[in-house]
Each structure stands twice: as structure tokens, then as C-alpha cells.
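> Pasting in a structure now, in C-alpha cells, and then I'll have a few things to ask.
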Amino acid sequence: MDIKHYQQKIDSFVKDRNWDKFHSPKNLTMALSGEVGELSDILQWLTEEESMKENLNEKILSLVKEELADIFIYLIRIADKLDINIEEEVKNKIKLNEEKYPIHLSKNNATKYNRR
């Protein structure tokens, strides 16, 4: 996926509507939080089993897809506004998580690294 391509498309969409003045990192983060809340709202009363992909009906899955896209758009926009290379940061975070959660300590164990 070419994140830069999507940053440019989102930036163009925002500029065409003169919304950039509303897109401070703070406002975007609050909007992101709202979108995460909307995703939570879709899934919150489902059981663990009901929330699995094979058990979601098309309507619920469609709503989940839409909210995930909104979340991703806000993440891209925040990274763009703060001049953060999100692809590089994801790579760095995966590496850090591999160090924090080595297989021999983490396999079949959900305990956070700082609580072991």
C-alpha cells in the first residue's frame, strides 16, 4: 500500500472542502477516538463467538469495514499533519514489540510485558 498516495488523496479531499483549518492534531485525534467508539458500538454487545468473521452478517461486516476505513484515514491524516512516516513507525513498533514480547515469555500468555 502506498501511504503517500493516500495522504495526497486525503489532503486534496480536505483542501477542496477548506477543512484543513479544522484538522489540528488534537481535533483529528478526537475524531479518531469517535470513530473507534463507533467501531466499538458495532461490536460491543456481541459475544466473543459472534464477533468472529465467520459469524458476522454482511450488514455488520460492512459497517465494520466502513469504520476501519475511517479510523485508517484519520491515522494517515494525523501522521501527515505531524510529518510522521507512519510506515517506518509501524516497522519500528513491530520490532520493539518483538523485543518486549519474546516468544518464550509471551506464547499463550496475555500478560503485559511490564507486569510479568
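> Which of S106, S12, S24 moves most in a GNM of the chain, Cα contacts under 10 Å?
S106
> How high is the relative contact order of segment 3-84, given as a whole-number percent (alpha carbon pairs under 8 Å, six or more residues apart)?
Computed value for segment 3-84: 50 percent relative contact order.
> Inverting the mean 1/r over all pairs of different Cα atoms, compute the Kirkwood radius of the chain and quote it in Å.
16.9
> Quick one: what are the phi-derived ³J(HN,Hα) couplings along segment 13-27, Karplus 6.51/-1.76/1.60 with θ = phi - 60°, whole Hz, x for glycine and proline?
4, 5, 5, 4, 9, 6, 9, 4, 4, 8, 9, 6, x, 4, 5
> Also, I was wondering about something else. Under a crude label model (7 Å from the Cα following the beta-carbon direction), how far is Y113 from D20 in nanometres?
3.8
> Shifting gears a bit: At most 15 other Cβ atoms within 10 Å plus a DSSP loop assignment makes a site exposed; report the longest stretch of the chain without any exposed chymotrypsin sites (Phe, Trp or Tyr not before Pro).
The reported range is 46-116.
> List the GluC sites (Glu not before Pro) within segment 1-97 that DSSP assigns to loop and that have no more than 12 neighbouring Cβ atoms inside 10 Å.
Here the GluC sites (Glu not before Pro) that fit, given the DSSP loop and packing criteria, are E48, E49, E50.
> Which value in deg cm²/dmol, rounded to the nearest 500, describes the helix-derived mean residue ellipticity at 222 nm for the chain, given -39,500 (n - 2.57) per DSSP H run of n ≥ 4 and division by the residue count?
Result for the chain, helices only: -21500 deg cm²/dmol.
> Provide the per-residue ³J(HN,Hα) series for segment 91-106, in order, calculated from phi with Karplus coefficients 6.51, -1.76, 1.60 and θ = phi - 60°, each as a whole number of Hz, with x at glycine and proline positions.
4, 4, 5, 4, 4, 4, 5, 4, 6, 5, 10, x, 3, 5, 9, 10
> Rank I71, I42, I94 by mean-square fluctuation in a GNM of the chain with C-alpha springs under 10 angstrom and give only the top-ranked residue.
I94
> Which loop-located trypsin sites (Lys or Arg not before Pro) does segment 1-35 contain, where loop means any DSSP state but H, G, I, E or B and the Cβ has at most 13 other Cβ atoms within 10 Å?
When the trypsin sites (Lys or Arg not before Pro) of segment 1-35 are filtered for loop state and at most 13 Cβ neighbours within 10 Å, R17 remain.
Computed from the coordinates by the stated procedures, all read-outs in this text should not be read as laboratory data. If you're wondering where the values come from, they're calculated on a predicted model, not measured in any experiment. Using ideal geometry, Cβ is built from the backbone for each residue, glycine included, and neighbour counts are taken over all protein chains shown.
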